[in-house]
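Written below as structure tokens is the structure these notes are about.
The values are calculated or read from the model by the stated rules, or taken from the named source; none is laboratory data. Everything quoted here is computed from the prediction, not taken from an experiment. With ideal geometry, Cβ positions are generated from the backbone for all residues, glycine too; neighbour counts draw on all protein chains shown.
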């Protein structure tokens, strides 16, 4: 049994901990460990006086390392559709003054740079994953492990949310989305049971959706039963796949000669889209092999740096489970010789 002195000591430690959390709250609320940090920084091949864009700045984990490598003449442009992320980024970069933060979407990178009167940049980084903060934050509705309102919007100023999709899309539309974006084999059963449930009452929370999904498919050891469906709904809410090809091409076209584009993906659909866009951007000579020089005049925007994607080390995978599915692909802007 503890003595009064021991109780007082433990209470003092706990009180100090609460004070610390209160003081540091603005920093801790957007906790996010940057994935493939060293690999992506190396891939960017940073020039001290260069201009770099982090198109998904989040809490600025990657951006802080980028800006630390820049001189006073260098510039960092951070873009994010999540205003909470921009607040966290501003706090994380408060020791620097050579950065600009933009509330926007990396899909509009050309327009954003034009508005900033920036014609070409030396490097662009896109981390396409959902941040730990977004997954954990109540009211965001990204996680299938909690009971939150259905939302899943990265940009909370947009109208369409997961609630709208779950309660308004037709059974066929739901089934197609869940199969296409979630690669879920039980998509038809899930869509059918969602439509049955919403006839009785609106589906408002993540817990309600999870319960429907669990009843729609057999037990499996392959992760949480709702994982694939939640991924699919999130992709549809935020329109993550359809514009990706154009985003990759536009980003490459915004690079200076020798500039690098680094893209981190977290599931096969994203990685496949990025890989195909890189192959298309690199181009391929179609001339017969016996010709001494190229006559087909194929268009090339540059060169793929790594044919196989870079993955996290075993150490990083152990320390950060989010990195297990991460893949990094790098493209360098070059004029065709």
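Quick notes on this structure:
- Criterion (in contact with a strand residue (DSSP E or B) (Cβ under 8 Å, 6 or more places away or on another chain) and not assigned by TED's automatic domain parsing to the domain that holds residue 41) met by exactly one of 265, 205: 205
- For the residues 240, 171, 257, the requirement of being modelled with pLDDT under 95 and either out of contact with any helix residue (DSSP H, G or I) (no Cβ under 6 Å at 6 or more places or on another chain) or in the same structural domain as residue 155 (by TED's automatic domain parsing) (or both) singles out 240.
- The residue that is nearest to the chain's Cα centre (by Cα), counting only those in region 148-158 that are over 15 Å from residue 105 (Cβ atoms) and assigned to a loop (DSSP other than H, G, I, E, B), is 152.
- Entirely in region 22-72, the helices (runs of 4 or more DSSP H) that have 1 or more residues that are modelled with pLDDT under 95 and outside the structural domain of residue 261 (by TED's automatic domain parsing): 25-28
- Only one of 329, 333 that is under 21 Å from the mean Cα position of the chain (by Cα), surrounded by 15 or more Cβ atoms within 10 Å (Cβ to Cβ) and modelled with pLDDT of 95 or more: 329
- Of the residues screened, residue 113 is not one that is closer than 12 Å to residue 54 by Cβ and in the same structural domain as residue 47 (by TED's automatic domain parsing).
- Residues of region 192-207 satisfying the condition of being in contact (Cβ under 8 Å) with a residue 40 or more places away in the chain and part of a helix (DSSP H, G or I): 206, 207
- Among the residues of region 176-190, those that are under 25 Å from the mean Cα position of the chain (by Cα) and on the phi < 0 side of the Ramachandran plot comprise 176, 177, 178, 179, 180, 181, 182, 184, 185, 187.
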